[in-house]
Amino acid sequence: MADVQVLEHSTLKVPYESLNRKFRNAQKNIDKEISHVNSTAHLIQTTLDENASVYTVSQLLSSMVAKLKVLKRKASESIEEEAEAAKVCKRRLSHLQEYESLSFADEHLWKKKRLDRMLVEYCLRLGYYDTANLLSTHSAIKDLTNVEIFLHSKAIEDSLLNHHTELCLVWCHENKTKLRKSHSCLEIKLRQQDFVECVRKNMRLEAVKMAKTYFSKLGAEHMPRVRMLMALLAFPSDTKVSPYMELFAEERWTDLIDDFRKENFNLHQLTGNCAFLITLQCGLSALKTPQCYKSATKNDNCPVCSKQLNELAKGFPISHCSHSKLVCSISGDIISEHNPPLALPNGHVYGSKALENMALENDGKVICPRTSSVFALGQAEKVYLM
């Protein structure tokens, strides 16, 4: 169960944060509508005290009814959204609880489903949204993945890629409380980029108006950057003067996408590193030995010895083995008292079972797989391990 707790933190945390956010947004919306209803009710009471005409009171009552309908509609929508988010949390929790009571065969299927979930997230992080959708649908794990969150963020990333900040600014406004608590500078960077784009398009008056609106209330820590931006007004968009040339660089939009992705991950409690990559790296490190990089000692049954994974695992640490085991490179079986080691005259050692089976098929002869030398089985000598 320990591996489930380590790998599945975001599986529960992400929908919980989504539920929490929907609850807070619903509370704000309902409080706002209730305040409208209360103000209208107060106005009706004041009007009645002043002996106003029937027509005026009728108009106010119609306004009250309209506001109550809006309140009812928004409350119903909020309840439905919260209920759906709660169902997602419940489904994921039930899925994780299944692990404790599974049989061996069912456990294999459960782990296969977990691998599919990791692959879906990996594809989403790399931008392969269609592939992630197909896999989540095929494996019936859509409720157990965060496809919707990534699809929403994709729309914002695409808009930034097309040099538009509107969607990202709306996202910042919707999540301003959380972003403020985490001391995010994303909105400031977006406003600064809008300023740069105004200067690029030679809309310098609009740029000055924007600076007055958004830069005048910034803290002292932002002033050096603001002064540099204001100096940008004196330079053309094709300037070669540094650092103003860098402010016009197209790479700044890529940096904004990276900043948005980081803030989005923090907001939804998604880890910076993909669970699939973490698991793969840990697995390769656990299996990696010095023999994996020696052509004479590679094992076909070892994942790290395969061509692709061997190259991938090069920079990983070698596993620490407090109790080593000898494995027959012919059969892959562990060498023990039930499968004692035998040394051929050329010095290579194999399990006795594999050599005996080979001798039965080759009229008492054994062929060394490393050197292709042929020996009689009787020439093999026992090896004693201390």
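The values are calculated or read from the model by the stated rules, or taken from the named source; none is laboratory data. Small disclaimer: the values here were computed from a predicted structure and weren't measured. Cβ sites come from the backbone with ideal geometry, for glycine too, and all protein chains shown count toward neighbours. Accessible surface areas use protein heavy atoms only, side chains included; no ligands, DNA or RNA. Shrake-Rupley method; radii C 1.70, N 1.55, O 1.52, S 1.80 Å.
Residue by residue, here is whether (1) part of a loop (DSSP other than H, G, I, E, B); (2) buried (at least 19 other Cβ atoms within 10 Å of the Cβ); (3) hydroxyl-bearing (Ser, Thr, Tyr) holds:
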| site | (1), (2), (3) |
| --- | --- |
| Cys168 | no, yes, no |
| Trp171 | no, yes, no |
| Arg180 | no, no, no |
| His183 | yes, no, no |
| Glu187 | no, yes, no |
| Leu190 | no, yes, no |
| Leu205 | no, no, no |
| Lys209 | no, no, no |
Test: residue in segment 33-50 that is farther than 30 Å from Gln281 by Cβ, part of a helix (DSSP H, G or I), in contact (Cβ under 8 Å) with a residue 24 or more places away in the chain and not β-branched (Val, Ile, Thr): yes
Residue tally, condition open to solvent by less than 80 Å² (accessible area, probe 1.4 Å), within 18 Å of the chain's Cα centre (by Cα) and of a type outside the set (A, V, I, L, M), over segment 136-157: 8
Residue, nearest to His164 (Cα to Cα), within segment 211-222, restricted to residues that are surrounded by fewer than 12 Cβ atoms within 10 Å (Cβ to Cβ) and either more than 34 Å from the chain's Cα centre (by Cα) or not small (Gly, Ala, Ser) (or both): Thr213
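Just wondering, is there one or more residues in segment 266-276 that are within 19 Å of Gln193 (Cβ to Cβ) and in a loop (DSSP other than H, G, I, E, B)? Lay out the reasoning, then the answer.
Start the filter on segment 266-276 by keeping residues that are within 19 Å of Gln193 (Cβ to Cβ), which leaves none.
Checked segment 266-276: no residue is within 19 Å of Gln193 (Cβ to Cβ) and in a loop (DSSP other than H, G, I, E, B).
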Conditions (1) in a loop (DSSP other than H, G, I, E, B); (2) at pLDDT 85 or above: number failed by Glu80: (1)
Candidates Glu33, Glu121, filtered to the one that is surrounded by 13 or more Cβ atoms within 10 Å (Cβ to Cβ), at pLDDT 85 or above, under 16 Å from Val147 (Cα atoms) and acidic (Asp, Glu): Glu121
Strands (runs of 3 or more DSSP E) (entirely within segment 306-386) containing at least 3 residues that are farther than 21 Å from Lys294 by Cα and modelled with pLDDT of 90 or more: 374-376
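Which of the residues that make up segment 277-296 are assigned to a loop (DSSP other than H, G, I, E, B), surrounded by 15 or more Cβ atoms within 10 Å (Cβ to Cβ) and of a type outside the set (D, E, K, R)? Spell out how you get there, then give the answer.
Residues of segment 277-296 assigned to a loop (DSSP other than H, G, I, E, B): 288-289, 294-296.
Among the residues that remain, those that are also surrounded by 15 or more Cβ atoms within 10 Å (Cβ to Cβ) are: 288-289.
Result: Thr289, single match.
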